[in-house]
1. How large is the charge dipole for region 1-109, taken about the Cα centre, if only the Cβ atoms of Lys, Arg (+1) and Asp, Glu (-1) carry charge, to the nearest 20 debye?
2. List every residue whose amide H lies under 5 Å from the amide H of R161, counting only residues 5 or more places away in sequence or on a different chain, with H placed 1.01 Å from N in the peptide plane.
3. Contour minus end-to-end for D89 and D178, with contour as 0.36 nm per residue of separation and end-to-end as the Cα-Cα distance?
4. Under 5 Å between amide hydrogens, which residues at least 5 positions from F133 or on another chain qualify, with H placed 1.01 Å from N in the peptide plane?
5. Only Lys, Arg, Asp and Glu count, each charged at its Cβ (+1, +1, -1, -1), so figure out the dipole size of the chain about its Cα centre, rounded to 20 debye.
6. Quick one: helix 42-51 against the long Cα principal axis of the chain, what's the angle to the nearest 10°, folded into 0 to 90?
7. Solvent-accessible area of D163, probe 1.4 Å, all protein chains present, reported in Å² to the nearest ten, please.
8. What value, in deg cm²/dmol to 500, does the helix sum -39500 (n - 2.57) over DSSP H runs of n ≥ 4 give at 222 nm once divided by the residues of the chain?
Amino acid sequence: MNGAGLRWDDDVLDVGCGIGRIARYLCGYLVHGSYEGFDVRADHVTWCQTNITPLFPNFRFKFVPVFNSFYSKDTSLPSAEELEFPYPDDSFDFVFALSLFTHLLPGAAQNYLNQTRRVLRPGGMSFMTWMIFEDDDTSTYDHPKVRNMQRHESGEYAMFRPDRPEAALAYREDVVRDFYSKSGLQIVEPIRAGFRTFQDAVIATK
Ligand SMILES: C[S@@+](CC[C@H](N)C(=O)[O-])C[C@H]1O[C@@H](n2cnc3c(N)ncnc32)[C@H](O)[C@@H]1O
């Protein structure tokens, strides 16, 4: 993370913050900054609000109800494709999303990058992980999930469970680059490869 330039006085957003895996490590570091996390799982957010915020009041968490076929299955919930992040423009120096884009379909992924650009200050950074494949034959990949993934008919992404695609998704590299390019975020090269064993890290700036 420090390789991406995170400073102790940064204002940080953690999209899909889960049960505070990232927040826990930042509590002792962001002593002059602030942290906002949001997630579609009320139980995850409540745990963080109960266990982290009382000790670190500059760490705040929001429940944002949005449909996800794996994490929040109520189909009456709003779509992630249309979510406006509940924060003003230009309000963060740094945006994290770890193991989130592995659960977003293309329309949602594009919207979340667009929103990231909106809430980042000029010069702000984002650190996000993806599962990215760069060639057509993923059968040789080390990650057991990848070897068993099924390609969508477009060829642009692959799914671990086609009946519930947001369980785990991998994207073709040019598709990810196109998402970033359309959002206006600039990738800080190279993409840090890791997907053959776990996930790739994409650092990008506004
Ligand atoms: C694999 S977990 C990763 C959690 C955390 N980022 C971490 O690295 O430990 C994925 C998280 O994304 C959340 N999530 C799924 N869809 C989401 C969406 N559309 N918007 C925000 N969070 C979402 C899930 O509820 C879950 O907490």
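The values are calculated or read from the model by the stated rules, or taken from the named source; none is laboratory data. Since this is a predicted model, take the numbers as computed values, not measurements. Cβ atoms come from the backbone with ideal geometry, glycine included; neighbour counts cover every protein chain shown. The accessibility values were calculated without ligands, DNA or RNA, using every heavy atom of the protein model including side chains. Shrake-Rupley method; radii C 1.70, N 1.55, O 1.52, S 1.80 Å.
1. Dipole size: approximately 520 debye.
2. A167, A168
3. 29.8 nm
4. Correct list: Y171, R172, E173.
5. Numbers: 21 positive and 28 negative charges, 98 e Å.
About 460 debye.
6. Taking the Cα atoms of the chain, the angle to 42-51 is about 40 degrees.
7. 120 Å²
8. So the calculated ellipticity at 222 nm is -6000 deg cm²/dmol.
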